[in-house]
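J.: The structure's right below; bear with me while I get my questions together.
The values are calculated or read from the model by the stated rules, or taken from the named source; none is laboratory data. None of these values were measured; they are calculated from a predicted model. Neighbour counts run over all protein chains shown; Cβ positions are idealised from the backbone, glycine included.
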Amino acid sequence: MSDEEEAGGGGAKSGGCLMQIVTHGVALVLGAVLGVLGAQGVEYMRDPDTMSRPEGSLSRAELIRKLDDAEKKYAELLSETAKKDEAQRTELESASAKVADLEGQVGKTSDEVKILELKVKKAKGQSAALKKELEAKQAELTELQTQLSEAQAEQARLREELVSSQEETRVAQEETRVAKGETVDAQWVGFKAEVLLSVCEKGNRKRMETCRDDVTAGLDSKRAARFKQCVGSHQAQPRLVRVDDKDKDPQLPRWSEWFNEESKFTAKKWYIVFCDPTLPEADLGGPEDEPQ
């Protein structure tokens, strides 16, 4: 193998390492943002009065936006990795075809050498032309065998790189699936915090505690499932809406429902706009499911 080929192989390996480093780097960004977002969400849920935040820190909306941006970049990296896998697969197929062709040539030339050896033996070394033809054919066979060995080595190298690349892609896809799931969870935490802050705006401590209990009861697992279905199917995130005090007979939009009609804090005052429940939940498994 030439120096240029060795340099090319080294470049491919360096590229693969770089892709892996960048991919895992973005995963760390996702994890960091999720950690901050989750911590803030829990704090808001525990004490919604803590509206203020240190100057320069990010709001929940800003954190979610930052998380979405990181996830988008992650998906782009996965798409590039998939393209790299396809290119490597094509290169391996070409190398395998070359090996098969050389194996055929070696087999054919080897048979020709055996026939010439028999002819030379039968002529008892009296034919200079036969000897010369045999030597040429033996040299041709040696050259073909050398080419075959090099082609087989290249085939093995490409196969190993493809297997390694596919494993990196599988790991990255799994990280993406987990990150997406955590993103939805983080959005649900943020939504619950926003609902608490919107409904329980003011009042004495007892009133606020009762309000928070009522709101928390309305944010049950059924609501969580509907919320995540909307986000997972790439529809608009559900939102909490307050009824206009002047509207004496409010008509809810389609796919909406009253927040909690049993609570004096929310009855006929607040409703949640969900999404079309008939649309399937998006697969959170890989980059191919990203919206275009």
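J.: Take the residues of region 245-262 that are modelled with pLDDT under 85 and within 26 Å of G203 (Cβ to Cβ): which is surrounded by the most Cβ atoms within 10 Å (Cβ to Cβ)?
T.: Out of the qualifying residues, it is N260.
J.: Also: Being of a type in the set (G, A, S) and part of a helix (DSSP H, G or I) is the filter here; which residues of region 126-144 pass it?
T.: A128, A129, A136, A139
J.: While we're looking at this one, here's another question. Going through region 171-209 one residue at a time, which ones are assigned to a helix (DSSP H, G or I), surrounded by fewer than 14 Cβ atoms within 10 Å (Cβ to Cβ) and modelled with pLDDT of 75 or more?
T.: Residues satisfying the conditions are R205, K206, R207, E209.
J.: Further question on the same structure: Sort out which residues of region 91-124 are among the β-branched types (V, I, T) and at pLDDT 90 or above, and write them in order of number.
T.: If the condition is that a residue be among the β-branched types (V, I, T) and at pLDDT 90 or above, then V99, V106, T109, V113, I115 are the ones that fit.
J.: While we're here: Going through region 226-238 one residue at a time, which ones are closer than 19 Å to V189 by Cβ and loosely packed, with under 14 Cβ neighbours inside 10 Å?
T.: A236
J.: Answer yes or no as to whether E55 is farther than 30 Å from A193 by Cα and modelled with pLDDT under 95.
T.: no
J.: Collect the residues in region 107-125 that are assigned to a helix (DSSP H, G or I), of a type in the set (D, E, K, R) and more than 26 Å from S149 (Cα to Cα), keeping them in residue-number order.
T.: Once the filter is applied, which keeps residues that are assigned to a helix (DSSP H, G or I), of a type in the set (D, E, K, R) and more than 26 Å from S149 (Cα to Cα), region 107-125 yields K119, K121, K122.
J.: While we're here: Taking the condition loosely packed, with under 14 Cβ neighbours inside 10 Å and modelled with pLDDT under 80, does E167 pass?
T.: Against the criterion (loosely packed, with under 14 Cβ neighbours inside 10 Å and modelled with pLDDT under 80), E167 qualifies.
J.: Ok, one more. Scan region 79-86 and give yes if some residue there is at pLDDT 80 or above, part of a helix (DSSP H, G or I) and over 27 Å from T183 (Cβ atoms), otherwise no.
T.: yes
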